[in-house]
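Take a look at the structure below.
Read-outs throughout are calculated quantities, based only on the coordinates presented, and are distinct from any laboratory measurement. Just so it is clear, the model here is predicted, and its values are computed rather than measured. All Cβ positions, even for glycine, are placed from backbone atoms using ideal geometry, and neighbour counts span all protein chains on display.
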């Protein structure tokens, strides 16, 4: 289990073009999440540093540090840089992995398939994936379960809700399973708080596969997909 915070998203017209996560090591961030408010406080530990963050006209966020030796601002960090940095690059119910710029980095979540197979095969993943059981009720009280997707940056949390900050992993699964509209859950921790359940009730969007990340997402699947995943796991 890992501490995770909601995402900050830069907006572009009516939709967010890309999410901004804390990727800077130069400053220290303090996160507050309580019933009254959610906010960050950013501080630069070394007073000799001057840091400013700007959003330029094309919509790219840049962190600039002041260099007295050159008497100018120097670019320290910027985003987006890669295709997975853009919001919904791989659509819904999919993951995006930046393993190789020449490879197609989109992959459907367990129990899902490409919404537009032709576009998907042409390396256009923007249409995302859909549940294989989209027109059935087989994931509600029909032996459904959850498949763990490891090493991910969790989905857009605007479609998620905290269930309880004192739940165990088994409790989180039961809480999501009893609600047929719950599509996935994660066990998340917040500084100075306990670990608890974060449940998603709509599309799962903006999931990044990151080998250095230890977050796990538990995706709801029907009984057939659950049995198939279990069989493959036992064979490997």
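A few notes on this one:
- Burial order of peptide ranges 223-230, 182-189 (average beta-carbon count within 10 Å, highest first): 182-189, 223-230
- Peptides 85-98, 51-64, 109-122, ordered by how many other C-beta atoms sit within 10 Å of their residues on average, highest first, read 85-98, 109-122, 51-64.
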